[in-house]
Every structure is written in C-alpha cells, then in structure tokens.
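Heads up, the thing below is written out as structure tokens.
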Amino acid sequence: MRPGPEDDGPGDRYDADGDRYGDRDEDGADSGALWLHEEIQRRIAAGRRASKGRHSRHEVASSTTSISYVPRHSTATPGPGALPPEPVSTPARGLPRVPAAWSSPAPPARVTPAEAPEPPAAAVVPADAPAPEARPAPSPRAPSPPAEGHRRTMLAGGVAKVPVEEQGAPPPYRSGDLHGVRKARLDAVPIVPGDPDAPDPDPVETMDSRRVRVVLSERRGGARPVRTVVDVQEGTGVGELLRSNLIGSQLTVALRFAVGTGLALGVLPVLFAMFPEIGRTELLGLRLPWLLLGVLVYPFLVLVGMWHTRTAERVEQNFADHVQD
Amino acid sequence: MGTPALLGLLAMLAVGVTSTIIGMYGIRMRRSTSDFLVASRRVGPVANASAISGEYLSAAAFLGIAATILRDGADGLWAAVAYVGGYLALLLFVAAPLRRSGAYTVPDFAEARLPSPGLRRVCTAIVLLIGTLYLLPQLQGAGLVLQTVTGLPPWSGAVGAAVIVLLTVIGGGMRSITFVQAFQFWLKFAALAIPAMVILSLFMSDNRTLDRPAPPRFPADAVVDITVDVRLKTVEPVTFRATGLIDGEQVVDNAPVTWAPGEHVVARGGRLEFAAGSPVPAVFNRPATDQAWIEPMGRGGGLDQMLTIYSTLIAGFLGTMGLPHVLVRFYTNPDGRAARRTTIVVLAMIGAFYVAVVLLGAFSRLYTPQLMMSGSDAAVLLLPTAALGDNVLGWLLAAMVAAGAAAAFLATSSGLVVSLAGVLFTDVMRGRWHRFRLAAVLSMVVPLALAVSVTRLDFALTIPLVFAVAASTFCPLLVLGIWWRGLTAPGAITGVVVGALLSGASVVAALFTVLPDNPLGTLLYRPALISVPAAFLTMVLVSKLTKGSVPPDVDRTLLTMHAPERLGLGGDRLARRSQG
C-alpha cells in the first residue's frame, strides 16, 4: 500500500492533539499510587548506579552537579545539513516521541521473530525524531552558543533531528545509520553521580554540549523528548514496572466494569424466571421488563461506558505522570 | 403498481441516488491511498460515530429484532440489548488499544501482535467468512424490502443493492463511505423514530391494550403464505380456508379447515386464508396469548429459554468486536482517546435507535399480528399502513420506513464490502490501489450469488449466527492479544480454528437441517455459549504449551497498545508502511 505523494495524512492532526495533551499535562495533578512512585524512584536510583547508560533527558538537563562532566561544545560541530539552532529559552513542550513500534510493519515474510528484537526499534527512533524535551530556562551563567544548541524539529519537509551529545568520541554516524543514531541516544546520557533526586542548580550546561543531527523521517508532527520513556521502552526495571502496572490496572478496570455490567444484566433473566410478579409489575405505564430492557438499559450502558472511559483515562494519566515526573 | 408501492420505490431510489452522489462527491476529496482506505483520519468523532452506527445498524438486524419482539415479546428484548451491549464490550476491552495498535483489519492486528504468516492467513480466511455470512442476509434483506414494498421479485432488490454499493465503494473509497454512512444513520434514525412516534401517539389515543389473556386477532381478512415448514400452535379453535399440505394431509381448493387447540404443522408452500377476527395461531414454542407475550419467560422459563437468552447475550456482547466492518472504523479515529469517545457516542446513538425499533416491534403485535405466523421480518415495513390505514399518511410513513431500510442495507453492505475488499486487496491481491476496485467487485460476487440462489431464512436465525462466529474467533484473539502477553501464534491459530469449527458447524446445522427442540438444538442455533469459552480455553492452553514462541518484543507491542499517545510510545502502522 503506497500512498501518493500528497499523503499528508495523520501528521498535522497528531501534532495538534499532542499540543493539547501537553497543555493538559500541566494541570493534571493526579499523584497515583504512592508505593509505585517510591518503587520507581528506588529503581531509577538503582539503575543509575548499576549503569550510567540510560535515563531521562530531564535528568540530563538537571544533572550539572556532576563535577566530572566537561562540556565539549567547543568541539561540537553541527551535523551535515544541520539547521541553525533555536534559542534555548523555548518553553518546554510535552514529551518526546520515542515510539515503541510494531516489530513487524512489513509483510510477514520479511520479519522473523528471531531477527526481530532490535532492528525494528532502532529503525523507528529516527523515524519519529524526538526533539529535546525539558528545555531549561535560560541561565545567565551558561548562555548557549547558537551553533551548539538544539532545536525542535518541526520542519515541514519531514526533517527531524536527534540530539547527539559529544561526550567522548562520537561514533561515526552516517545519516541513515539507524543503529548509530540509536546508540547516540544512549551515549548522550551523562554520568550522574550521587543522589538522582538532588535538586539541580544549573540545568543548562548539559544542553550546550549537544549537537544537532538531521535525520530524514516520515512526516509526523509532535516529536517531543523525554526521559523515563526510554526506560519504559527498553524494558529496564523501571519501565517494566510501569508497563505491567499500566496494563494490569487497565485490565482490572475493564474486568471490573465488565463483570459489574454482566452481573447487572445477567441476573435479570433469572429474576424474571424466579419471580414472575416482576413481569406483571407496572411502572410508568410500562411493564417492568419492558421499561428495563426496552428503555433504561441503553442510558445505563452509556453511563457505564462514560464511567469506564473516565477511569481508564485516569489510569493513563497516572502512567504518564510517572513516566514524565 | 399502486401509489403506495410507487412512493416506496421512489423513496428507496432517492436514498440510493443520494448515497451515490455523496460517494461521488467524495472522489474530489480523495487524494491518496490512505484517504481512500481509511479516510485520512480526519473524520470528527460525531461524524465517525454516526458512520459507525450507520454501518452497524443493518436492515437485517433491526428488521430481525422487530420480528423477534413481535414473536417473542419481552424475551425478544434481549436481542436488542445484546447488539447494543457489544459496543460496551468493545469499549472496555478493545477500542483504545486497537486504535493504538494501528491495525486496520484483524489480520493486521494479528500480524502486528504475533508475527506469523500462518495466523494472518487464518484471520484473512475468517474475515472473508464472516463478511460473506453477514453480506448474505443484507442482500436478501434488500430483496425482501423491495418485494414487500413493490412486489418486485427478491433477486432484483439484491442485485440493485449490490450495484449501488459497488458504485459508492468504487467511486469514493472510505472517506466518501464515511459521509454516506453518517448520512444514512440519521436517515435511518428519522425513518424509524418518526413512524414510531406517530404510531405511539395513535396508540395512546386509541385505548387499545396489548395486555389480554387471549391470542391476537386478525384485524382484517388475511392471506398467509407459508415459505418454510412451520409448526404452529393455537389456544383457541380456529377455522380458515387453506391450500397445501396441512397436518400431513393435502388440502386443495381453499377447503375450510378447523384446528382444535394444540399444535399443527403446515408444509412449505401452504396458503391459509383467515377471516377478520379469527385468533392468530402462533409459531410453536412462542407465546400464543398476549399476556404470555408481554411477560418475560413466556415459555415458562425453561432451560431452553435461558440458554437462548444467555447465548444471544454472549454472541452479541463479544461478537460485535469481531465484525470486520466495525473494526475498520476504529482506525479512522485520530487516537485511542478519540476511539473511546466515539464508542460512547455510538452506544448512545444505537441505543436510541433500538428504542424506536422496540416500539415498532411491540406495535406490530397489535396492528400486524398475522405476521406472527410467517414473514415476521416484514413487520416494520407493513406496520405504518396497518396502523394508520390505507391513506396518504400511511403511505408516506411506509415509504419513509422503506427508505430507512434501504439506507440500512446499503450502509452495512458498503461497510462490509470496503472491509472485505481491503482484506482481499492487502492479503490476497497485494496490489496497488486501482485494483481495489477489482477487490470490491470480487468481494460482492459470492454473497450476491448466494443471495439470489439460497432461500432466505429469518434474520432472527441468521444474524445471531454471524455474531456467534465472530465472537468465537476474533473476540478471543483480540482480547487475549491485547491483554495477555503469553499469547503465542500457535495458540492463537488453534483457538481461532476451534472457534470457527464449532460455530461454523452450528451455522451449517442451523441453515441446512431442522434442529430438534431440546437444549442441544437450542445450542446449535445459538452456539456462542459453548464455542466462545472453548475458543478462549484452547487459545490459553495451547499458548501455555508453546511458551517458547512468545514473541521477544511482546512487551513493547503491548506498551504501544496501552500507553497514551502523548507519551510518544505508539507506532503508526500506515505511516510506517508508507516508508517502505
């Protein structure tokens, strides 16, 4: 199935929605289960001690307490085709897009489970072109040199950029080298000693040392960056916990509503059979069974649906808060 | 052809022409394959909900439900509840995750969740099976409506509907179908709600009651043609004139026959003439008196009746999510959140629609009781003239109902053709979009051939069977695929095949044989109570036995389906596909 060149399908709308959601996030103050929050913090800390590999970008921006960290912006050069960066003071917007994708978007013959696990994920990262998320407030101490800052990737032509940190020797990227880009994302995490929860006096410096990488991508709007998202996606301890918690709660919610509705409706035939008087009772000029099954059951189903949607969205909100916090 | 027939025919033609025009108009807005197939997801939630409702409310379903209520009374209400409740199950378990999965059809979903070409092929076959089984009563319904309204032969209605559907589908693809179906929903709703209100006000002022301890009476002299072998029951002695094989004896030349209270058998082809005021015999095993009809458990609340009710409920609740044309629609939502909202609007819309259907079904017991014996499916179509008399108002309302029925079978058929053609196109033909037209034509051939060659059976029999097949095959696949990480491809294939075999066997048994009147027979007519749990169990057990073949990236896949889109964890299947 190949769309024509004019296919500009889902992108625009997606972006619009994304922005709206982003706004919503700020006032959605649902704290969720406390234990979960604590467990996440614990695992974040543990994971960080074990490997300095992956954690959130937000952390990146807020980890300048690191004394061992040396900004390298003097050596950073824009990648081929890089565009002038935007000012660092752009307000932070929402989250990054680091999608988990279907492992097999292609026809079945092309992907076998054995070869599936890594390549698809890597292939998707550039496609969705995360832009930096938590943009720090401008700081007088460390004004970002224009050439090294990174900027959001809202280019109309479907160009997206992945921020790449120049710490140590950067791997030789080719544009289109998917594994390279993915690795760069992991490499881009600075060393963070000490307490991860410690407040961070200077969020700006780490941002300076990134350069911009331009990657061709499909046209999708809101590429917004993040932190725990990578955890969730990569299936690390924190991610695994968040994920199973999300699916478990959603399943519990759905089952609870299904069983409740099923009982409410399923008990009626038994009642009608056991107590024939119900069938002879009149209410509002109608026999009770006709009133219940002919009229009232429909508003009831709609209300159950609305209630479920509210509950399910609250669960999603909790998940989002935990991932973002 | 008299004035009423002409009015009805004109109304139906107007619906067909308007649909085609809206479909053609869609061409100008179509620019790419994604527009063509999934309407670019630019359809708003209310328009999308109207389209889903328009597509879902098939003529077969609502004519069949009105007929069920006419015959079964309070127990027939469960059928309507089951079909509406299906959207609640869809909302609870499937809507948002399915949308987030980015799958366009069930085969897409299956492949995305469990990369297995075998599973995809099985799903493709099941989609074609369900789609064909569901298109068949729709086309036959078109024939029934045309025949009832104008007296034209049934095949002309089926062929005419097929042509109009193909024109709209080929002309505009999904986007225009969306507008066509949104239009058709509101048309259908008005076409049933207005007559229901008019007849309700008539009933209120009329001082008639449906609560009598006696069978209904023929309101006028009536001729009843028996189209399938039927067992009838009368509680009062009744005398009538008849031709045909009655109680095993050949009756000729309209000889008078008197039935004592009890059961009687009329063979197919019989013709019975009743005088006005005679009691109407009921179909065996249905409530014969109005009092038994208005109270639930009119048959005494036996095991059969319970099995029927629960099996209908399970098939309706779980079968809706497996209907191919319903799933395609969810792909046109922009995201999972919109998918949930759309589903709620759909629940409200079809709920309101079925209130009108229930009203019409109940009034048909009062005004057209002769249809209890045979031809109940036409009750809604004949009700307006029966209630309001043979005058202009009655004709107009009858034409309106006919237009609504026409809209209903056109909407459902085009939805089914689009989804069948989509599956043929991506899985069987693997072609470029211009061959989509060929796929659309191909998907219509088999159902149309069946529709003109097979005797039409009551919708109350065929529609629940289709839902049972969907509930026994795709419901376990979708629900376990979305919520259980342990599902494996061998498990999914075995479960789907077991469900398809069990429910398919009962379809064959119900359509081609006369089933015994005992719990076994009931379960063959309504197999969901057995086949759905069997499919679930098989799927779980085989998956547990083949633990090794759980896909390694299952967690990522599940996360995509459950995480809110704004976190950016989702995949976009269409967009990704367009890259390659």
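A:Phe257 satisfies every condition listed in (1) within 26 Å of B:Ile65 (Cα to Cα); (2) at the interface with chain B (Cβ under 8 Å from one of its Cβ atoms) except (1). Apart from one condition, B:Tyr104 fits all of (1) under 22 Å from the mean Cα position of the chain (by Cα); (2) assigned to a helix (DSSP H, G or I); the exception is (2).
For every residue, the table says whether it meets (1) without any contact (Cβ under 8 Å) to a residue 24 or more places away in the chain; (2) facing chain A (nearest Cβ under 10 Å); (3) under 18 Å from B:Pro237 (Cβ atoms).
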{"position": "B:Glu249", "(1), (2), (3)": "yes, no, yes"}
{"position": "B:His264", "(1), (2), (3)": "no, no, yes"}
{"position": "B:Arg268", "(1), (2), (3)": "no, no, no"}
{"position": "B:Ser278", "(1), (2), (3)": "no, no, yes"}
{"position": "B:Val283", "(1), (2), (3)": "no, no, no"}
{"position": "B:Thr289", "(1), (2), (3)": "no, no, yes"}
{"position": "B:Ile344", "(1), (2), (3)": "no, yes, no"}
{"position": "B:Leu347", "(1), (2), (3)": "no, yes, no"}
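Mind checking which residues of segment B:5-31 are at pLDDT below 80 and part of a helix (DSSP H, G or I)? Give the derivation first.
Narrowing segment B:5-31 to residues at pLDDT below 80: B:19-31.
Scanning segment B:5-31 gives B:Ser19, B:Thr20, B:Ile21, B:Ile22, B:Gly23, B:Met24, B:Tyr25, B:Gly26, B:Ile27, B:Arg28, B:Met29.
Got at least one residue in segment B:329-341 being open to solvent by less than 10 Å² (accessible area, probe 1.4 Å), away from chain A (no Cβ under 11 Å) and more than 25 Å from B:Pro533 (Cα to Cα)? Checked against the condition, which is being open to solvent by less than 10 Å² (accessible area, probe 1.4 Å), away from chain A (no Cβ under 11 Å) and more than 25 Å from B:Pro533 (Cα to Cα), segment B:329-341 yields at least one hit. Looking across B:Ala82, B:Ala66, one residue alone is modelled with pLDDT of 85 or more and within 20 Å of B:Gln184 (Cα to Cα). It is B:Ala66. Listed by first and then second residue, the pairs with beta-carbon distance under 8 Å, at least 6 apart or on different chains, first residue in segment A:241-267 and at positive phi, second in a helix (DSSP H, G or I) and open to solvent by less than 20 Å² (accessible area, probe 1.4 Å), form an empty list.
Test B:Val223 against the stated conditions and say whether it is β-branched (Val, Ile, Thr) and within 25 Å of B:Ala387 (Cα to Cα). Taking the combined requirement at face value, the residue satisfies it. Whether a residue is away from every other protein chain (no Cβ under 14 Å), in a helix (DSSP H, G or I) and surrounded by fewer than 24 Cβ atoms within 10 Å (Cβ to Cβ) was assessed, and B:Leu133 passes this test.
Between B:Ser374, B:Ser414, which is among the hydroxyl-bearing types (Ser, Thr, Tyr), at pLDDT below 85 and crowded, with 24+ Cβ neighbours inside 10 Å? It would help to see each step written out before you state the result.
Numbers: B:Ser374 fails: crowded, with 24+ Cβ neighbours inside 10 Å.
Testing whether each residue is among the hydroxyl-bearing types (Ser, Thr, Tyr), at pLDDT below 85 and crowded, with 24+ Cβ neighbours inside 10 Å leaves just B:Ser414.
For segment B:382-392, give me each residue that is open to solvent by 10 Å² or more (accessible area, probe 1.4 Å) and in contact (Cβ under 8 Å) with a residue 60 or more places away in the chain.
First, pick out the residues of segment B:382-392 that are open to solvent by 10 Å² or more (accessible area, probe 1.4 Å): B:382, B:385-392.
Correct list: B:Leu382, B:Thr385, B:Ala386, B:Ala387, B:Leu388, B:Asp390.
Is it the case that segment B:34-49 has a residue that's out of contact with any helix residue (DSSP H, G or I) (no Cβ under 8 Å at 6 or more places or on another chain) and at pLDDT below 85? Scanning segment B:34-49, I find at least one residue that is out of contact with any helix residue (DSSP H, G or I) (no Cβ under 8 Å at 6 or more places or on another chain) and at pLDDT below 85, so the answer is yes. Taking the criterion of being under 19 Å from B:Ala80 (Cβ atoms), in a helix (DSSP H, G or I) and at the interface with chain B (Cβ under 7 Å from one of its Cβ atoms), the residues of segment A:267-298 that qualify are A:Pro269, A:Phe272, A:Gly279, A:Pro289, A:Trp290, A:Leu293, A:Gly294, A:Val295, A:Val297, A:Tyr298. Looking at B:Val423, B:Val446, just one residue is modelled with pLDDT of 80 or more, open to solvent by 10 Å² or more (accessible area, probe 1.4 Å), under 23 Å from B:Val326 (Cβ atoms) and part of a helix (DSSP H, G or I), and that residue is B:Val446. On the basis of being farther than 27 Å from A:Ala312 by Cα, modelled with pLDDT of 90 or more, in a helix (DSSP H, G or I) and more than 18 Å from the chain's Cα centre (by Cα), does B:Val127 make the cut? It is false that B:Val127 is farther than 27 Å from A:Ala312 by Cα, modelled with pLDDT of 90 or more, in a helix (DSSP H, G or I) and more than 18 Å from the chain's Cα centre (by Cα). Screening the candidates B:Leu520, B:Leu502, B:Leu477 for the property of being crowded, with 21+ Cβ neighbours inside 10 Å and out of contact with any Leu (no Cβ under 9 Å at 6 or more places or on another chain) yields one hit, B:Leu502.
Restricting attention to segment A:302-325, which residues are among the charged types (D, E, K, R) and either closer than 14 Å to A:Glu38 by Cα or within 8 Å of chain B (Cβ to nearest Cβ) (or both)? Outline the logic, then answer.
In the first step, residues of segment A:302-325 are kept if they are among the charged types (D, E, K, R); the result is A:310, A:313-314, A:316, A:321, A:325.
The answer is A:Glu313, A:Glu316, A:Asp321, A:Asp325.
Taken over segment A:258-293, the criterion of being among the small types (Gly, Ala, Ser) and open to solvent by 50 Å² or more (accessible area, probe 1.4 Å) is satisfied by A:Gly285 alone.
Look at (1) farther than 30 Å from B:His325 by Cβ; (2) open to solvent by less than 50 Å² (accessible area, probe 1.4 Å); (3) small (Gly, Ala, Ser) and you find that B:Ala182 fails only one, number (1). Identify, please: which residue in segment B:151-166 is farther than 21 Å from B:Gly422 by Cβ and touching a Gly at 6+ places or on another chain (Cβ under 6 Å) and is, among those, most open to solvent (accessible area, probe 1.4 Å)? Top of the filtered list is B:Pro154. The residues of segment B:261-288 that are open to solvent by less than 30 Å² (accessible area, probe 1.4 Å) and over 26 Å from the mean Cα position of the chain (by Cα), listed by number, are B:Gly262, B:His264, B:Val266, B:Ala267, B:Gly270, B:Leu272, B:Phe274, B:Ser278, B:Pro279, B:Val280, B:Pro281, B:Ala288. Just to be sure, is B:Ala79 closer than 28 Å to B:Ser503 by Cα, in a helix (DSSP H, G or I), away from every other protein chain (no Cβ under 14 Å) and open to solvent by 10 Å² or more (accessible area, probe 1.4 Å)? Considered against the rule, which asks whether it is closer than 28 Å to B:Ser503 by Cα, in a helix (DSSP H, G or I), away from every other protein chain (no Cβ under 14 Å) and open to solvent by 10 Å² or more (accessible area, probe 1.4 Å), B:Ala79 comes out as no. Among the residues of this structure, B:Ile126 counts as one that is touching a residue at least 24 places away in the same chain (Cβ under 8 Å), away from chain A (no Cβ under 12 Å), crowded, with 24+ Cβ neighbours inside 10 Å and among the β-branched types (Val, Ile, Thr).
The values are calculated or read from the model by the stated rules, or taken from the named source; none is laboratory data. The shown structure was predicted, so the numbers you read here are calculated from the model rather than taken from an experiment. Every residue, glycine among them, receives a Cβ derived from its backbone with ideal geometry; neighbour counts consider all protein chains shown. Calculation scope for accessible area: heavy atoms of the full protein, side chains included, ligands and nucleic acids excluded. Shrake-Rupley method; radii C 1.70, N 1.55, O 1.52, S 1.80 Å.
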